[in-house]
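Data first, discussion second: the structure below is written as structure tokens.
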Amino acid sequence: MMAKTIEDEADAFMRRFKLILFVCGALLTVPLMIYAIYLDSRLDSFENSMTYRPPAFSSEAVDSPLLNKQLFYPVEGQTVYVPAYSHVYHENGRPHLLTITLSIRNTDQDRKIIVTSVLYYDTSGKLVKSHLEKPLILNPLATTEFLVERKDATGGSGANFIVEWHADEPVSAPIIETVMIDTSSQQGISFVRQGKVIKQSIFESAQPNGVDENILPEPQTPADE
């Protein structure tokens, strides 16, 4: 009789224990479910806010004074310094060799430019190679490229190009940049560097009085002219 009582009490204890576990599990599960639903709705709301929307047209923009400003800077020629890297350093100073592409893009839609010189210098400033044997005509919106192969490490980490070009009439300045890349290892590397104008010639008709020819003129409104 006593053994049966003890067994009944044990069964009752286990039932209460299971009930407590169920209640605790429910108390934990319900908030987690509510939080998951909340996160899902927030994610949907975020994705909806990031959906592409076409630009809104404003009639005020038609009468904007910005449309009356002279946004075109006609130039006759430039000398451009373009950074290049035949290698970069990684780990404990080990060199990582790169392939260099020099890109010269004529941005003018109607007029050609003439590339007269493409010189490649090493880290110490010593001339390594002239990449252009004779002047190269670059037609409107055309692009030309010059390559320094990965195995050519003569330039070093501080290499550079000096590019010279000119035009026979006012043109918009070209975009000149270098692209460095290497995909030989498991982790590829690539980056781009823009050229910097170090000398420039502006057509006399576009030059304000007393302005250095190596400095771009400020845009003028018709009222200023």
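Ordered from largest to smallest accessible area (heavy atoms of protein chains, 1.4 Å probe), the residues 17, 22 come out as 22, 17. Note on exposure: 171, 23, 88 ranked by accessible area (1.4 Å probe, complete protein assembly) read 23, 88, 171, with the most exposed listed first.
Using the beta-carbon distance between residue 17 and residue 42 and R0 = 41 Å, what value does 1/(1 + (r/R0)^6) give for FRET efficiency, to the nearest 0.05? E between residue 17 and residue 42, to the nearest 0.05, is 0.60.
Cβ-Cβ distance of residue 141 and residue 119, R₀ of 25 Å, FRET efficiency by 1/(1 + (r/R0)^6): the value works out to about 0.50. Between amide H atoms placed 1.01 Å from N, distances below 5 Å from residue 128 occur with 120, 121, 122, all of them 5 or more places distant or on a separate chain. Remark: region 98-167 carries 52 Å² of accessible area per residue (probe radius 1.4 Å; ligands, DNA and RNA excluded).
For the listed peptides 96-102, 107-113, 180-186, a ranking on the average number of other beta carbons within 10 Å per residue, highest first, reads 96-102, 107-113, 180-186.
Taking the accessible area of region 114-205, probe 1.4 Å, and keeping the other protein chains in place, the carbon and sulfur fraction comes to 50%. Taking the Cβ of residue 112 as the centre, find all other residues whose Cβ is under 15 Å away and add up their charges (Lys, Arg: +1; Asp, Glu: -1). Local charge sum for residue 112: -3.
The values are calculated or read from the model by the stated rules, or taken from the named source; none is laboratory data. This is a predicted model, so every value here is computed, not measured. Positions of Cβ are backbone-derived with ideal geometry, glycine not excepted, and every protein chain shown enters the neighbour counts. For accessibility, only protein heavy atoms count, side chains too; no ligands or nucleic acids. Shrake-Rupley method; radii C 1.70, N 1.55, O 1.52, S 1.80 Å.
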